[in-house]
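Novice: Below is a structure I'd like to ask you about.
The values are calculated or read from the model by the stated rules, or taken from the named source; none is laboratory data. Because the structure is a prediction, the values reported are computed rather than measured. Ideal geometry is used to build each Cβ from the backbone, glycine not excepted, and the neighbour counts take in all protein chains shown. Side chains are part of the model used for accessible areas, which takes the heavy atoms of the whole protein and leaves out ligands, DNA and RNA. Shrake-Rupley method; radii C 1.70, N 1.55, O 1.52, S 1.80 Å.
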Amino acid sequence: MLLTLSSILRKARAWDYACGSFTLAEITMPREGVKKEQRCFTDEEVGKILAAAPFGTILAPTSVLGLRIGEVLALRVSDVDFSRKIVRVRQSVDAATRKVQAVKSNASSADVPMPSQLAARLRKHLQIHDGKTDLLFINRRGRPYSANKLRAKVLHPLLEKLGIPLGGFHSMRHGAASALLADGATPAVVQKQLRHSDPRITLGVHGHVIGDQQHSAVENRSARIELYPVN
């Protein structure tokens, strides 16, 4: 960008435009502002939310697996494979139109592991599923839920009731990724779980997380340094 801008200004000066005198060294990019930390729900907060939420089974895939809320709302009964213990992510519900469409990218279309606790929740949910549609979650009108309405009318009132700072569905996705990194999962594993197309996205969003291995490494080095006091 700097080279392009320099070329433009150099040509402008050659054409006698009033652009002043300058050198390439004087053309600099502005500093980035201080980045705001992403809101991440902690494991304790997620546990309280899932225990109290009337739609806990909807919230579980995004908070436990890190699925996007649109992907959760577009899950089909056939996407839940209890024998292989996986959840297939193949489509998403558009937040504006509430229409089922393709997922965000090729990387987003993937299978993710289904832990036993989530499997139990989904089995229980399927017992009351009417079987009239293949969608796993539908409202009373037989349509996909609105993510915006769930956030405004269910999630946020619940957070206020529980005394938990506000956050959205994406905060649950961030929480899932941050927890995995803090537990020692490699960035490659977390990238695969979140289905990011580029590992830089994973590290760019969750680079603030300090995992147990990092804590241990710093602690061990600090302890070694203290073994060499001045005599």
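Novice: Of the numbered conditions (1) open to solvent by less than 40 Å² (accessible area, probe 1.4 Å); (2) over 14 Å from Ala60 (Cβ atoms); (3) among the hydrophobic types (A, V, I, L, M, F, W, C), Leu122 fails exactly one; give the number of that condition.
Specialist: (2)
Novice: Considering each of Asp134, Asp198 in turn, give the residue that is of a type outside the set (A, V, I, L, M) and touching a strand residue (DSSP E or B) at 6+ places or on another chain (Cβ under 9 Å).
Specialist: Asp134
Novice: Working only within the stretch 80-105, note down all residues that are within 21 Å of the chain's Cα centre (by Cα), farther than 27 Å from Ala120 by Cα and charged (D, E, K, R).
Specialist: Passing the criteria: Asp94, Arg98, Lys104.
Novice: Check Lys85, Lys99, Lys104 and return the single one that is under 25 Å from Val190 (Cα atoms), open to solvent by 80 Å² or more (accessible area, probe 1.4 Å) and in contact with a Pro (Cβ under 9 Å, 6 or more places away or on another chain).
Specialist: Testing whether each residue is under 25 Å from Val190 (Cα atoms), open to solvent by 80 Å² or more (accessible area, probe 1.4 Å) and in contact with a Pro (Cβ under 9 Å, 6 or more places away or on another chain) leaves just Lys85.
Novice: So, in the stretch 139-172, how many residues would count as being part of a helix (DSSP H, G or I), open to solvent by less than 60 Å² (accessible area, probe 1.4 Å) and polar (S, T, N, Q)?
Specialist: So the count comes out to 1.
Novice: Still on this structure, please answer the following. So which residues in the stretch 124-153 are of a type in the set (A, V, I, L, M, F, W, C), more than 20 Å from the chain's Cα centre (by Cα) and under 19 Å from Arg68 (Cβ atoms)?
Specialist: Leu135, Leu136, Phe137, Ile138
Novice: The conditions are (1) open to solvent by 20 Å² or more (accessible area, probe 1.4 Å); (2) under 26 Å from Pro144 (Cα atoms); (3) hydrophobic (A, V, I, L, M, F, W, C), and Leu3 fails exactly one of them. Which is it?
Specialist: Leu3 satisfies every listed condition except (2).
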